[in-house]
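Read the figures in this text as sums done on the coordinates, not as results from a lab. On a predicted model such as this, the values are computed, not experimentally measured, just so you know. Ideal geometry is used to build each Cβ from the backbone, glycine not excepted, and the neighbour counts take in all protein chains shown.
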Amino acid sequence: MLNIYNSLPAGLLQRDATRLHEVLPGPSLIYLQGKHSQPLFISLLLHGNEVTGWQAMQSILTKYQQGGLPRSIYLFIGNVAAAREGWRHLDGQPDYNRIWKGEGDGPEAVMVRQVMEIMVEQQPFASLDLHNNTGRNPHYGCINKLEPDFMHLASLFSRTVVYFIRPDSVLSMAFADVCPSVTLECGRPGEPHGVEHAVEFIDACLHLSEFPAHKVAPHDIDLFHTVAVVKVPPHLSVGILGEVADVCLPNELDQLNFCELTPGTVLGYVSNETVGSGFLATDESGQDISERYFTVDNTHIRTRTAVMPSMLTMDTAIIKQDCLCYLMERLETPR
């Protein structure tokens, strides 16, 4: 299902994300030659409703149409079919950012193995995977290795950097064994600042000849470690306060992203005692650690300990497809 191009298909730059299917029949890997031969790998639209990455690349490629790119690019455009509908992924499709272990014989697994085989051979300078959030979050970068090149790359985008090792089937994790890689969280779709920020970062990477030899100074980075993922169990319904559901979320819950919450903070409500805690928190090894973080007090779901959430979303469809949020702890910058 992978389509491979050695130049930019005609008419591609003139189409927004919902019309890319008119030019690209599916997931596509496009090689664009630049002045520096070691390529930059750029991934976008792994989630079809996260369009900032494509809008940023339209700007970058338009800018360098005449004079040529400073560095070669391998551009991977992911879920074109979902982008057509404005959805994260279509019914029956896997999440395109949960397939990068390349396991199995399905078409997506075969595609992943093809991409990785090509990119291992090409030895890219760095890998950038551009995403959006559904909730209100600052712009930040995610890394999967606490190595200087990874932290320099992420801090070039934002001083807020999140380290995680689960889920381990994301694109940045696959590329972490090939080159410095980062996942960029560029705010919500449709925000002009997100596009501008992504353009500035990609442009900087295209002109970067090497990573600094020194480590990132602790005062130049706010480093966090994702310690748990929080979901609403599949058998429970979820809604916003005022709706009828097993678990209801307060209005404006996503304002708490990247806030250090004190014990007792209300994050939701359960309809009755049989619902339990309402949330399922699992650690990096997949163990249920819900009781460590949450307690129910008269239908109120409260934090049991101090914690910092990220990616809290009010989109109930995303909550059921993926998760409610992640929980983080501050991490000392390696010296």
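For the reader, a short list of remarks on this structure follows.
- Within region 175-193, restricting attention to residues that are assigned to a loop (DSSP other than H, G, I, E, B) and among the acidic types (Asp, Glu), the residue that is farthest from ARG113 (Cα to Cα) is GLU191.
- Scanning region 158-174 for residues that are in contact with a Cys (Cβ under 9 Å, 6 or more places away or on another chain), hydrophobic (A, V, I, L, M, F, W, C) and not in a strand (DSSP E or B) yields PHE164, VAL170.
- When PRO309 is tested against (1) within 19 Å of the chain's Cα centre (by Cα); (2) surrounded by 20 or more Cβ atoms within 10 Å (Cβ to Cβ); (3) farther than 21 Å from ARG188 by Cβ, only condition (3) is not met.
- Residue within region 128-149 that is in a strand (DSSP E or B) and of a type in the set (Asp, Glu) present: yes
- Unique residue being buried (at least 18 other Cβ atoms within 10 Å of the Cβ), touching a residue at least 12 places away in the same chain (Cβ under 8 Å) and not charged (D, E, K, R) when the list is VAL230, VAL178: VAL230
- Exactly one residue among LEU32, LEU40 is aliphatic (A, V, I, L, M) and in contact with a Cys (Cβ under 8 Å, 6 or more places away or on another chain), and that residue is LEU40.
- Meets criteria (at negative phi and either within 20 Å of the chain's Cα centre (by Cα) or free of Cβ contacts under 8 Å to residues at least 40 places away in the same chain (or both)) for GLN122: no
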